[in-house]
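Report on the structure given below.
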Amino acid sequence: MNTIASILLFGMPGGWEMFIIIFVILLLFGAKKIPELARGLGRGIREFKDATKDIKKEIEDEADNINKSVKN
């Protein structure tokens, strides 16, 4: 079953479901470990964004070089 069908079939978690999920996460990892996990997640997202910016810049630079060589 694909993701969209499962979301439509089961719906998004409501208030009580989210509370239970957060409670279970607190039980599994503990209050001291969650900030460390959040920091790691933030660093990972930042690295991913930086990598996508670098790739986009490389593609734009190559496109500019191709356009300059075609014009000459």
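What follows is calculated from the coordinates using simple rules that are stated; it is not laboratory data. Just so it is clear, the structure is predicted and the values come from calculations on it, not from any experiment. With ideal geometry, Cβ positions are generated from the backbone for all residues, glycine too; neighbour counts draw on all protein chains shown.
Cβ-Cβ distance of residue 38 and residue 67, R₀ of 35 Å, FRET efficiency by 1/(1 + (r/R0)^6): the value works out to about 0.20. Which shape class, rounded, prolate or oblate, goes with segment 31-72 when its Cα gyration tensor gives a ≥ b ≥ c as root eigenvalues, a/c under 1.5 marks rounded, and past that a/b bigger than b/c marks prolate? Prolate, since a/c reaches 1.5 and a/b exceeds b/c.
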